[in-house]
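The values are calculated or read from the model by the stated rules, or taken from the named source; none is laboratory data. These numbers come from a predicted model, not from an experiment. Note that we place each Cβ from the backbone using ideal geometry, even for glycine, and neighbour counts take in every protein chain shown. Each accessible area value is taken on the protein alone, full model and side chains, heavy atoms only, with ligands, DNA and RNA left out. Shrake-Rupley method; radii C 1.70, N 1.55, O 1.52, S 1.80 Å.
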Amino acid sequence: MVHKPYDHQKVEKKWQDTWYASDAFTAPDHPTKHKAYILDMFPYPSGDGLHVGHPEGYTASDIFSRYLRMQGKNVLHPMGWDAFGLPAENYAIKTGTHPSLTTKQNIATFKRQIQALGFSYDWTRELNTTDPEYYKWTQWIFLKLFEKGLAYEAEAPINWCPKDKTGLANEEVVGGKCDRCGTVVEKKNIRQWLVKITDAKYIERLLNDLDTLDWSTSIKQSQRNWIGKSEGAEIDFTIQPQAHGGQEPNFLILHGYTGRVDKNFIPNLKEQLESQGYVVQTPQLPNTTAPKEVEQVQYVIDNCTIDSSTIIVGHSLGGVVAMKVIQKINQPIAGLVLVAPAVEPEFRTGEERPFWKTFTWDYDYNRIKKFSGFRIVLSDLLEKDERAAYLGYLAKKLDAPVRETTANKSHFRGTNEPFVLHNLLRTIKVFTTRPDTLFGATYMVLSPEHPLVSEITTDEHRKAVEKYQKQASQKSDLDRTDLAKEKTGVFTGAYAINPVNNEKIPVWIADYVLASYGTGAIMAVPAHDERDHAFAKKYELPIVDVIMPHVIDAKNPPRSDKQTLERQSVHAIVHDPKTDRYLCLQWKIFPWTTFVMGGVEAGEDIIEAAKREVKEEAGYTDLHFERVIGGPVRADYFATHKDENRRSIASAVLFTLASDAREEITAKEKAKAEPVWLPLSALKPESMRCSELPFWLDRLEGNFTYSGEGLMIRPALPMSPIPKPVLEVPMSPGAAGHLGNELQRIGYDGPYEGLTSQEFRKAIVGWLEKTGNGKAATNYKLRDWVFSRQRYWGEPIPIVHCPEHGNVAVPEDKLPVLLPDVKKYEPTGTGESPLAGIKDWVNTTCPQCGEPAKRETNTMPQWAGSNWYFLRYCDPHNNKQLADPAKLKAWLPVDTYIGGAEHAVLHLLYARFIYKFLFDIGVVPKEVGDEPFIKLINQGLILAEDGQKMSKSRGNVINPDLIVREYGADSLRMFEMFMGPLQDAKPWNTRGIVGVRRFLEKVWQLQEKVQDGSELHRETHALVKQIGDDIKSFSLNTAVSNFMKWTNAAATWESVSKMEFGTFLTLLSPFAPHLAQELWSQLGHKDQVHAQSWPNFDASKLIAENVEVVVQVNGKVRDKFTVASGISVEDLKAQALGSKKIQPWLGGKTPKKIIVVKGKLVSIVI
RNA sequence: GCCGGGAUGGCGGAACUGGUAGACGCACAGGACUCAAAAUCCUGCGACCGCAAGGUCAUGAGAGUUCGAUUCUCUCUCCCGGCACCA
């Protein structure tokens, strides 16, 4: 029988018509068998039509879907259109064509091209995000977010693309440029809708649930990076206040009814303030159990010093006394702080107090306001409601803020009430991941936008600060984050107090600190942070080492059964500038090279010690001291020659050789070691015996910051004689013991000597929390999602702005809010959408009161529609709800999701968030879990033949239509799979496609060999197994090569049975459905090959009768022979040893060992 | 800088849990068929030495573990992706 030649165009057309006319791949609403939801990322139907990249993922998912159907599963495999977006709108601006028309045309093109490839989509479920029946539910999701407080309106500085004239989400800005058009984005402060993706209820789940997903590590890593969690602490630094004229304030603390100066928070507060150098008066007022106003006020006026720098603090009834004092003295004071002040009669309930009648309860508020520089009211949340009402009333009268807290003891009666202190002194919160370096914080930096900058800046520095702020505001983010640029900043004139040691540290502003991360302020630790170090060097700020690196010698670790000798030592690094070499010792008694080094003797500093050692061991006397390079390094090792463990705490001192002047060295030293001069390149860890070497080399290169973990050194660790010059700036005396005391106070009973930085980090956070100076804190880089676009072609945000009721949701039964027609699509650029110009659309009534109101004119971003489309596929025509829960339960979650990696942090993060939200509000049934995509496969980019990215501008785009016309859809499908692993990027090579085309021709030719029968060759059984395995693991390139191998083998056969060829076609049908179907029907079958069940293989048939065995001698292949596969180990051994080729390699010797891997190899060791 | 991933012939790539490196395809060379060309078929195709049998070297570089390493461990180089004055 002679068949017609393979005419791909005819064959493909014929079967596509059959399939699409009969909705051949429709999924049931309620699967009765095992379900599988196989999803492709739906495309944006651009005007350019399909790209060869599209069919890559679509083919892979189609093969998998067809395979699963043949495995007897119900498969949901849908397709739709993500059709809102900028290109259609930009096209409308240019041509005046309505975007809906362009979109319709583009969809038609895409659909024709996709259908020409024979994909098995369920077209009855096709959806389109621009269809009002669809975006009704996109709007509905927005309303739910709004209802739960997760969508909010704010005027926020956001990324603004000046070309596209719209705001962008952070995720849409890549390297400071607009992801779409590459324009450098600007910061613009406009009214925006934001979605609270950072909400505590979601952010940790978005991060942690990544662990449960079968996604590539790189995508998961991208999401983790983007969420950017860091754990550390928030620490409050108090700012030294300036009273009028820049003077430091003094404090007058007045106790309350039955109070005493040694009660409540007063002693502790006094101590804290005094430890920071302030003058504090705490008068004991007369008659505390039966106080009289006149008596107490007069007592204060007579006995206390009050001047323009005085801040009066009044607790409870003391607050009333304070106000009366101010009314009476007729002179200005710095400020008034009322700590839970006593209550006016009309607010009182309960038992009568003696002072109710001995005090008058009227105030001259204007007078108090006039004479006090500032006023603050502190309120304790533990107290009763009527007091809160009173404090609010009082604060209003005094024009003062009310600051609330939960006091340690109700009514601020605790012995330690840090909230009071923090409100006396302005505090600035910083975030740090390294609270263990707190002792090394030598200055503070605020971002130029920090709200407290102008408040704390002194008059003297105001001009410079404002100038700097202005400059910073004019820089783009791209400029500000340019790492290469030198850091800049200005001093504010203010000082903060480091809470751990009460050091006074300067407060600067600098644009290397970002307002948008953490608290917008940092504590700078120049010894342990590179950025801070660079800044400190430039502005000559102090640098204090607090962490010592610690190395344990890997080759000679300390031994637990040996004694340990600890010693302070010094390494002298002597550089000869004339030869650019370094002085080392070549030891004679050991095979070592070292620097000149030795112990530091009592009373000696390290520089003296280093000089002495150089003189003794090498004789050089004329050394010029350069510097101590960094802090000390501890090394632990076992000293073999001494049979003891050594703990060396070493510092390195750098000298230059000023002249060759030398003294004779002793015979003893001569016998021990010889001085040699080595170039820097010879100073290598493998050639030097020096555990600290990597640190010294690093520091010689100028890297003085150590940001790793280590051991705490002073002042945290008062370790005896640490040589003085180690610290570039010494801390104040007394600081050293401070932490020890504090640690004891919080119940840590040490020993803290030798604490690692990790241990100390925990201890210090405990201390911060205990003392109210800070707390453990977590920070994220993720920002809320900017959700409004000032453009036309998107879903209108269903909100009405009512003058009376604010933002009011459009009622659900009024959805969808239809996108109206406009005449001009041009974005206004003012931050308003083109919709703002349509008066009769904008003007509406408030759904709450019916009064005139205006519609929201911003539209949603493209991600809004793509967030949840995969839910809609389960129930695409439902007009009552987003989707029927029973249908969602039947199909969700998506089992396999295939698409490009470019959506790593955009679509994939947004969709996970929205899915979790829909899960929480019960739309997503709880049985299906709160992760939408269980397995994700990212197909790699198909590059152009030149290895570059395909793009219209480069002119290297391959049009799939041409390939389909010339080689056929089956060739294109198989070739795209054959090119390489699905996940890898790979260049297109049109010449290569002939390989698969030839293969398909061979398959076509094979029908000449078909004869009746049901015999299957061993290769066919093997193929069934291989193809199944390959598809399951998405190793589709090897599947294609396995098909080719099979046809190569079949070409040598006499005949192929009808059964065998049918089996082969069944396996081939997911890959080349048209050809497989055509040959299937030519075999005489009336049904469809894709409806067959997946063939089984007979495992017993896979075993070959004979196997080839390799014989190795010492790991090298020396012989190969074929044996029966069932051969015994003994026989195999004997045959191997007896081989003529092996004999010469054995050389008559008896093998040491013979390793036999059954059916594979014999390895002989001699 | 930090975090991921990778590097195998002229090219795309293959090699299951450590066991014959280079499957399959492209390109290339030689041959058959043809008046000729295309198509098709056959043969060869990592490098070096050798007439051959065969040997030696080869999976980015260098070390290590092992009878045996593309595969495991360490160091380094380069490439790709993500993040990036993120405190």
Legend entry - Subset of the range A:367-386 that is farther than 13 Å from A:L338 by Cα and either assigned to a loop (DSSP other than H, G, I, E, B) or touching a His at 6+ places or on another chain (Cβ under 9 Å) (or both) - its residue that is most open to solvent (accessible area, probe 1.4 Å): A:K384
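From A:V1157, A:V1129, which residue is open to solvent by less than 70 Å² (accessible area, probe 1.4 Å) and near RNA strand B (Cβ under 10 Å from one of its atoms)?
A:V1157
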Legend entry - Subset of the range A:246-269 (residues that are open to solvent by 60 Å² or more (accessible area, probe 1.4 Å) and within 13 Å of A:E417 (Cα to Cα)): A:K263
Inset, instruction - State whether one or more residues within the range A:937-960 are surrounded by 15 or more Cβ atoms within 10 Å (Cβ to Cβ), among the polar types (S, T, N, Q) and at pLDDT below 90. - result: yes
Inset, instruction - Taking A:A88 as the residue in question, decide whether it is open to solvent by less than 20 Å² (accessible area, probe 1.4 Å) and in a helix (DSSP H, G or I). - result: yes
Inset, instruction - Could you tell me whether A:A609 is surrounded by 21 or more Cβ atoms within 10 Å (Cβ to Cβ) and closer than 30 Å to A:G440 by Cα? - result: yes
Inset, instruction - Select from the range A:961-979 the residues that are open to solvent by less than 30 Å² (accessible area, probe 1.4 Å) and more than 18 Å from A:I1027 (Cβ to Cβ) and write down the one among them that is farthest from the chain's Cα centre (by Cα). - result: A:G968
Legend entry - Conditions (1) in a strand (DSSP E or B); (2) open to solvent by 50 Å² or more (accessible area, probe 1.4 Å): number failed by A:P591: (1)
Inset, instruction - From A:Q1135, A:Q1082, grab the single residue that is open to solvent by 40 Å² or more (accessible area, probe 1.4 Å), without any contact (Cβ under 8 Å) to a residue 60 or more places away in the chain and away from RNA strand B (no atom under 11 Å from the Cβ). - result: A:Q1135
Inset, instruction - Among the residues of the range A:1042-1078, count how many are of a type in the set (V, I, T), within 14 Å of RNA strand B (Cβ to nearest atom) and open to solvent by 10 Å² or more (accessible area, probe 1.4 Å). - result: 1
Inset, instruction - Answer yes or no: is there a residue in the range A:216-236 that is part of a loop (DSSP other than H, G, I, E, B), open to solvent by 10 Å² or more (accessible area, probe 1.4 Å), over 23 Å from A:G167 (Cβ atoms) and within 16 Å of RNA strand B (Cβ to nearest atom). - result: yes
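For every residue, the table says whether it meets (1) in contact with a strand residue (DSSP E or B) (Cβ under 6 Å, 6 or more places away or on another chain); (2) within 7 Å of RNA strand B (Cβ to nearest atom); (3) modelled with pLDDT of 95 or more.
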residue	(1), (2), (3)
A:K986	no, yes, no
A:T990	no, no, no
A:K1002	no, yes, no
A:Q1005	no, no, no
A:I1027	no, no, yes
Legend entry - Where a residue in the range A:684-705 is free of Cβ contacts under 8 Å to residues at least 40 places away in the same chain and its partner, wherever it lies, is of a type in the set (F, W, Y), with Cβ under 9 Å and at least six apart: A:L693/A:F595; A:D698/A:F704; A:D698/A:Y706
Inset, instruction - List the number of the failed condition for A:L391; all other conditions in (1) open to solvent by less than 30 Å² (accessible area, probe 1.4 Å); (2) touching a residue at least 60 places away in the same chain (Cβ under 8 Å); (3) over 26 Å from A:G518 (Cα atoms) hold. - result: (2)
Inset, instruction - Name every residue in the range A:981-997 that is farther than 15 Å from A:V964 by Cα and either under 31 Å from the mean Cα position of the chain (by Cα) or of a type in the set (K, R) (or both), in order of residue number. - result: A:P981, A:L982, A:Q983, A:D984, A:A985, A:K986
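This table checks each residue for (1) part of a strand (DSSP E or B); (2) closer than 24 Å to A:S379 by Cα; (3) touching a helix residue (DSSP H, G or I) at 6+ places or on another chain (Cβ under 7 Å); (4) not acidic (D, E).
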residue: A:P267; (1), (2), (3), (4): no, yes, no, yes
residue: A:L336; (1), (2), (3), (4): yes, yes, yes, yes
residue: A:P341; (1), (2), (3), (4): no, yes, yes, yes
residue: A:E351; (1), (2), (3), (4): no, yes, no, no
Inset, instruction - Can you work out which of the residues in the range A:497-520 that are away from RNA strand B (no atom under 15 Å from the Cβ) and surrounded by 19 or more Cβ atoms within 10 Å (Cβ to Cβ) is farthest from A:Y278 (Cα to Cα)? - result: A:V500
